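Down below is the structure, laid out as structure tokens.
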Amino acid sequence: MTGIGVIGTGYWGKNHVRTYSELVSDGFLERVVICDINEKRAKELSQAFNIDYLTDHQALIDDSDIDAVSIVTPSPTHYQLAKEFMNAGKDVLVEKPMTMDIDEAKELVRISEETGQILMVGHIFRHHPAVKELKHRINIGELGSIRLISSNRLSFGAPRKDMGVVYALGIHEVDMFCYLMDKDYPESILADTRCTLQQDIEETAMISMDFGAATAYAFESWLMPASGKQRDLIVVGSEKVAKIDYLKPQELQMFDIRIAEKDFDGKTNFSVENEGSYTIPIPYAEPLREELKNFIDCIRSRDNPLSNGLIGMRAVEMAESALESAKKGCKIPLSN
Ligand SMILES: NC(=O)c1ccc[n+]([C@@H]2O[C@H](COP(=O)([O-])OP(=O)(O)OC[C@H]3O[C@@H](n4cnc5c(N)ncnc54)[C@H](O)[C@@H]3O)[C@@H](O)[C@H]2O)c1
């Protein structure tokens, strides 16, 4: 029997509760309990899904039928909660950003290693079915060598007050770029950020990551009315180009296009070879459900999650480096 507690039932925590509750109905999980210091919120959700609720996380620590928790509280609270639960012998899935401080992130990884508790981080895009398909095609060499990656995560909305776009959105990209390039870190990060509404909380960022043979660019903004939300990823290889619209988890677009080089009379000439494009259909799977299933599998098997604590820690380090780069106006080197 596996029991899981969800701590924090706000905007994103509600999705954890709904998904775990579906996994209970599908016979994949035995028990889920909600915990929120906002009793009204916890009670409403508990009634909607017919599950128990608590208002103090200590009661979850004391419950021997709770094996693990999803921590979906504001990011500055992640460190303390994750530490308490791992030290109490519970496995932890903590939302991204894992922490907002690299020393705290390192400490959580250390506690996980010392206690043997699972530490997973909500880097949900590693669980996105189109990303898994793309990663497979990169691994088998279908795209050739990667030359360029570009990602946009744009919307128009009220900015968060607790963190800017680098920690809220860019954390996804810095991790995704390393995942696709099969690296722990890029060689360096260069970023430019803009705060126009609040001091020290950027609502726009351009982040570029140098991987040597390839460069990856991320454009993040809450100030870009790009006909609703825009969340895409383009990977340019020497043989093919791939595009994912994150809002469409059921497809991966492939462009059979490349720059051909021909030597003629001692000179190199370039030309475009375009053999058209096609869409690869992908069976529907909700990324959050895939992520939570991976967590439950790891609680039972003690395997390493797809988005483990080290991955979350490196993402925090890269987000910190991006903010440092924007502040100092220079590239920040990182070592693999
Ligand atoms: N993976 C993703 O794509 C994704 C998307 C959105 C948010 N997030 C992350 O999820 C986390 C929560 O974000 P949100 O937008 O849902 O925040 P939110 O403010 O809407 O909700 C946070 C909830 O946590 C509760 N809470 C705070 N401290 C608590 C404690 N000690 N014990 C119990 N409950 C407590 C609050 O009462 C609130 O209901 C953040 O870390 C955010 O970065 C991840």
Among the residues of the range 1-16, is there at least one that is at positive phi, within 11 Å of the ligand (Cβ to nearest atom) and not in a helix (DSSP H, G or I)?
yes
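Just give me the residues in the range 24-45 being in contact with a helix residue (DSSP H, G or I) (Cβ under 8 Å, 6 or more places away or on another chain) and either of a type in the set (Ser, Thr, Tyr) or surrounded by 19 or more Cβ atoms within 10 Å (Cβ to Cβ) (or both), in sequence order.
Applying the first criterion (in contact with a helix residue (DSSP H, G or I) (Cβ under 8 Å, 6 or more places away or on another chain)) to the range 24-45 yields 28-36, 45.
If the condition is that a residue be in contact with a helix residue (DSSP H, G or I) (Cβ under 8 Å, 6 or more places away or on another chain) and either of a type in the set (Ser, Thr, Tyr) or surrounded by 19 or more Cβ atoms within 10 Å (Cβ to Cβ) (or both), then 29, 32, 33, 34, 35, 36, 45 are the ones that fit.
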Considering each of 234, 207 in turn, give the residue that is among the β-branched types (Val, Ile, Thr), in contact with a helix residue (DSSP H, G or I) (Cβ under 8 Å, 6 or more places away or on another chain) and in a strand (DSSP E or B).
207
Any residue at all in the range 133-140 that's under 19 Å from residue 311 (Cβ atoms) and of a type in the set (S, T, N, Q)?
yes
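So which of 171, 146, 124, 140 ends up being away from the ligand (no atom under 12 Å from the Cβ) and touching a residue at least 24 places away in the same chain (Cβ under 8 Å)? Spell out how you get there, then give the answer.
Details: 171 fails: away from the ligand (no atom under 12 Å from the Cβ); 124 fails: away from the ligand (no atom under 12 Å from the Cβ); 140 fails: touching a residue at least 24 places away in the same chain (Cβ under 8 Å).
Of the residues listed, the single one that is away from the ligand (no atom under 12 Å from the Cβ) and touching a residue at least 24 places away in the same chain (Cβ under 8 Å) is 146.
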Between a first residue in the range 71-85 that is of a type in the set (Phe, Trp, Tyr) and a second residue that is more than 8 Å from the ligand (Cβ to nearest atom), which pairs have beta carbons less than 7 Å apart while being 6 or more apart in sequence or on different chains?
79/99; 79/104; 79/108; 85/61; 85/69; 85/92
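Coordinate-derived values only; no laboratory data. Since the model is a prediction, treat every value here as computed from it, not as a measurement. So basically every Cβ, Gly included, is an ideal-geometry build from the backbone, and we count neighbours across all protein chains shown.
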